[in-house]
Amino acid sequence: MRFFKLMLLLVISTLVSFEANAQIVNGDFTTGTSSWQWSKSGGTLSCGPLLTFTPSTNNETPFLNNIYSGFSSRFGRIANLSGENPFFADSGTSCKELAQEVYVPIGQELQFEMWTNAGKTSSACLGCRYADASIKVYVRDTGSSLMGVYDLELISGPTCDTNTCRDFSKYGIKSLSAFWGKTVKISIATGTSFRRGTAGGGHLYPANIFIDNIKLESKAILDFKPKTGAWYNIDRSGHGFHISKTPDGRYQLIWYTYLSNGTPIWYISDVASMTNGVLTTKIYKTTWNYSTQSNSSVVAGDIRLEMHDTSQLTLLWDLHSINGDGAGYDGGEQLYYLLGQGSYTGLWYEPALSGYGYSIDHRNSDNYTATTVFYYINGEPVWARGEKTGAPSGNNITSLISIKGLGLCPECNGQPIVKTTLPVGEVGLSLDVNKSWVYIQDANGVAVWQRGLPAQPVDTYRLTGP
């Protein structure tokens with residue numbers, strides 16, 4: 001069966017059902033009772049209730065020269081044991097951390113609104129008013145030792161790094177995907193202070209930071225089309241997607257991933273359309289029949305891509321081999337664009353032996369090319385990869401490595417990653433004249449896949465493009 005030709009003709013119109021399952025982490029400090037707690041530097045949860053604050057939108061400086069605790073001109077108010085205000089303060093007697101245990105649904109990210117009077121200063125000096133707002137988010141899986149420490153990402157609004165920032169800005173963190181489907185402790189903390197007075201003296205005061213409307217919700221889906229080429233999870237480098245386009249503007253994907261034992265495996269998708277920033281499709285596992293020199297395929301699962309811009313998307317997956325063909329998605333990750341869009345980017349195959357081929361991720365600016373060969377060993381789908389400066393033309397020979405990726409399987413998200421690489425052969429590409437050859441061997445030096453020779457390459461044609 002000519003699998004890839006069939007894929008070009010196949011369109012699946014039924015969309016897999018999906019529910020955002022949005023959950024508010026009870027973090028609206030204006031209404032309702034919050035389950036977030038103040039914590040002091042020693043971890044004691046005895047800081048009192050959280051109160052509300054609305055930043056000034058006029059010329060008032062809300063923290064300057066407030067009378068508090070006997071200091072007639074103290075710069076800023078600090079949160080004390082009675083829960084004076086819902087902001088963080090870096091001081092031995094003040095509350096500086098918000099913490100809560102919560103279940104993180106698949107596909108959801110932490111978002112909140114923040115206001116600060118913190119600004120930038122290079123050193124402690126007389127008249128220095130502000131310091132950088134050093135905010136970190138700590139996430140710990142309560143059922144394991146998995147811990148993540150995140151910087152903030154601005155979602156919308158002003159950057160809030162000077163005293164002119166008077167409105168709440170929306171912030172979040174890069175990705176909670178390692179903790180999707182888990183119960184975690186989320187902590188939002190600061191470690192910033194400044195000195196008002198002389199360089200060697202004066203008082204140490206906090207940068208005031210207010211947090212409100214803390215939520216777990218899905219990132220906004222925007223009507224973007226993905227860049228073509230290689231996509232990967234920055235925190236789980238070693239696996240990812242190749243995305244390419246058919247002549248009619250639809251997309252085909254190859255998922256380069258691993259089994260739970262670290263063995264590489266690839267899945268291929270239907271040809272599917274991106275609608276309003278969303279693509280849903282079936283994915284297939286193929287196997288090779290050496291007697292008939294052909295492949296066959298079975299449905300392996302469902303995937304959903306949600307675009308956030310041209311270079312960032314959310315992947316949601318349901319692999320039927322793990323939990324069966326369920327009603328929802330079993331897991332997912334945040335993927336980022338890596339490389340591609342050049343002249344040769346796309347899927348290439350040999351018409352005389354349809355069922356294997358190359359995904360080419362080519363960058364025009366420096367003619368840099370990453371080549372992934374998808375093929376079979378003992379009938380099972382595996383892959384090997386190589387990268388080299390130069391276009392895939394003129395018999396560009398690239399060395400290939402196979403990766404054993406423990407901790408990189410879809411259901412292994414959040415586990416320790418151990419990658420072992422093995423040189424397995426070479427590929428020679430003359431795609432400018434539609435020719436190629438490939439030679440791959442096992443650890444014992446025995447050939448396991450060979451098509452063509454340097455002196456006798458095989459016909460190789462583009463299936464999809466950039």
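The values are calculated or read from the model by the stated rules, or taken from the named source; none is laboratory data. It should be emphasised that the depicted structure is a prediction, and the values quoted were computed from it without experimental measurement. FYI the Cβ positions are ideal-geometry reconstructions off the backbone, even for glycines, and counts take in every protein chain you see.
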Checked the range 336-351 for anything in a strand (DSSP E or B), out of contact with any helix residue (DSSP H, G or I) (no Cβ under 9 Å at 6 or more places or on another chain) and either of a type in the set (Lys, Arg) or more than 17 Å from Asn364 (Cα to Cα) (or both); matches are none
Under 9 Å by Cβ, and 6 or more places apart or on different chains, what pairs join a residue from the range 338-366 that is in contact (Cβ under 8 Å) with a residue 24 or more places away in the chain and acidic (Asp, Glu) with one that is surrounded by fewer than 23 Cβ atoms within 10 Å (Cβ to Cβ) and in a loop (DSSP other than H, G, I, E, B)? Glu350/Gly452; Asp361/Thr228; Asp361/Gln341; Asp361/Gly342
Would you say Asp318 is surrounded by 22 or more Cβ atoms within 10 Å (Cβ to Cβ), over 23 Å from Ile360 (Cα atoms) and of a type in the set (Asp, Glu)? yes
Would you confirm whether any residue within the range 408-416 is within 30 Å of Gly331 (Cα to Cα), surrounded by fewer than 15 Cβ atoms within 10 Å (Cβ to Cβ) and either at pLDDT 95 or above or more than 22 Å from the chain's Cα centre (by Cα) (or both)? no
Within the range 439-463, considering residues that are within 30 Å of Asp248 (Cα to Cα) and under 33 Å from the mean Cα position of the chain (by Cα), the one surrounded by the fewest Cβ atoms within 10 Å (Cβ to Cβ): Tyr461
Given the condition surrounded by fewer than 20 Cβ atoms within 10 Å (Cβ to Cβ), touching a residue at least 40 places away in the same chain (Cβ under 8 Å), hydroxyl-bearing (Ser, Thr, Tyr) and touching a Leu at 6+ places or on another chain (Cβ under 9 Å), answer yes or no: does some residue in the range 286-293 qualify? no
Number of positions in the range 437-463 that are farther than 17 Å from Val382 by Cα and assigned to a strand (DSSP E or B): 7
Flag if Asp361 is among the acidic types (Asp, Glu) and assigned to a strand (DSSP E or B): yes
Could you please give the count of residues in the range 217-234 that are surrounded by fewer than 16 Cβ atoms within 10 Å (Cβ to Cβ) and at pLDDT below 95? 2
What about Asp318, is it acidic (Asp, Glu) and touching a strand residue (DSSP E or B) at 6+ places or on another chain (Cβ under 7 Å)? yes
